[in-house]
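The structure under discussion appears below in the form of structure tokens.
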Amino acid sequence: MSDTMKIGIFGGTFDPIHMGHLIMAEQARFAEELDEIWFIPAKTPPHKKGPHMDATHRLAMVERAVADHPSFCASRIELDRKGPSYTVDTMIFLGKMYPQHQFYLIMGADMVLHLPKWHRIKEILERVSVIGLLRPGYSLDEKELSPEVRRRLTLVSKGVKVDISSTNLRNRLIRGDSVRYLIPESVRLYMEENQLYGPS
């Protein structure tokens with residue numbers, strides 16, 4: 001992989017991954033002409049109390065979710081690293097491993113407002129650009145953002161509103177409700193086979 005590529009980085013707990021994640025990634029890929037998108041499940045997210053499901057299962061679900069897309073792939077780099085899953089550490093590692101590539105962080109526009117609070121955000125913005133996906137009905141006032149963030153930010157406004165959250169999916173599964181068509185079928189079958197998230 002010596003040629004320069006534009007790589008989208010999509011991080012998260014993916015607990016579990018769902019169709020909203022995949023739609024966001026595809027919109028970012030198309031809008032910014034990204035060559036690939038790497039889905040990176042977090043091992044220990046610093047901003048959350050901790051994922052509900054074991055990292056091995058979360059990675060396996062991501063691998064199944066992206067398997068049929070030629071430009072999507074799953075990465076375990078944060079799962080193999082000790083300590084909290086800070087984005088800055090991931091981007092430093094990727095920059096050393098793949099200095100020829102351009103990296104872009106993918107996130108919902110609502111998360112963009114939280115960027116100034118991220119751990120060592122200035123170092124992150126020195127290494128990557130940010131793609132913020134605007135959902136219909138949501139607006140973002142760029143004046144609220146720091147100059148550093150504005151310089152590295154591209155807002156994509158041709159979004160599709162998909163009101164799915166991993167928390168909602170877990171609650172549905174605990175109640176025994178159907179999640180068919182909310183998550184990839186391969187992921188649904190994996191959860192069923194491994195009895196994940198179901199009623200206790």
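Taken together, the values in this text are just the output of simple stated rules run on the coordinates, not laboratory data. This is a predicted model, so every value here is computed, not measured. When we count neighbours, we look across all protein chains shown, and the Cβ atoms used for this are built from the backbone with ideal geometry, even at glycine.
For the pair Leu113 and Tyr181, how long in nm is the line joining their label points, each one 7 Å along Cα→Cβ?
3.2
What are the ³J(HN,Hα) couplings of the stretch 181-198, residue after residue, when phi is run through the Karplus curve with 6.51, -1.76, 1.60 and θ = phi - 60°? Round to Hz, x for glycine and proline.
6, 8, 10, x, 4, 5, 6, 4, 5, 4, 5, 5, 5, 9, 6, 8, 6, x
For Val160, what is the net charge nearby, where nearby means another residue's Cβ is under 14 Å from its Cβ and Lys, Arg count +1, Asp, Glu -1?
+2
Determine, for the stretch 6-162, the count of lysine pairs separated by eight or more sequence positions (or lying on different chains) whose alpha-carbon distance falls under 17 Å.
Step by step, the pairs that qualify in the stretch 6-162 add up to 6.
Given the options Leu189, Leu34, Leu155, which has the most mean-square fluctuation in a GNM of the chain, springs set between C-alpha atoms less than 10 angstrom apart?
Leu189
What is the set of long-range amide H partners of Leu133 at a cut-off below 5 Å, with H atoms built 1.01 Å from backbone N?
Residues meeting the amide H criterion: Met107, Gly108, Ala109, Val156.
Which of these values of Rg/Rh (Cα atoms, Kirkwood Rh) was calculated from the structure shown: (i) 1.35; (ii) 1.03; (iii) 0.95?
The value matching this structure is (iii).
I'd like to know which of His119, Ile164, Ser139 lies farthest towards the positive end of the charge dipole of the stretch 102-181, counting +1 on Cβ of Lys and Arg and -1 on Cβ of Asp and Glu.
So the residue furthest toward the plus end is Ile164.
Where the centre of each part is set by its Cα atoms, how far does the stretch 56-110 sit from the stretch 158-200, in angstrom?
Cα centroid of the stretch 56-110 versus Cα centroid of the stretch 158-200: 22 Å apart.
Taking amide H atoms as placed 1.01 Å from N in the peptide plane, list the residues 5 or more away in sequence, or in a different chain, whose amide H sits under 5 Å from that of Phe72.
Amide H neighbours of Phe72, under 5 Å, 5+ apart: Ile37.
Run the dipole for the chain about the Cα centre, Lys and Arg Cβ at +1, Asp and Glu Cβ at -1, nothing else charged, and hand back the magnitude in debye, nearest 20.
Details: 27 positive and 25 negative charges, 115 e Å.
So the dipole magnitude of the chain works out to roughly 560 debye.
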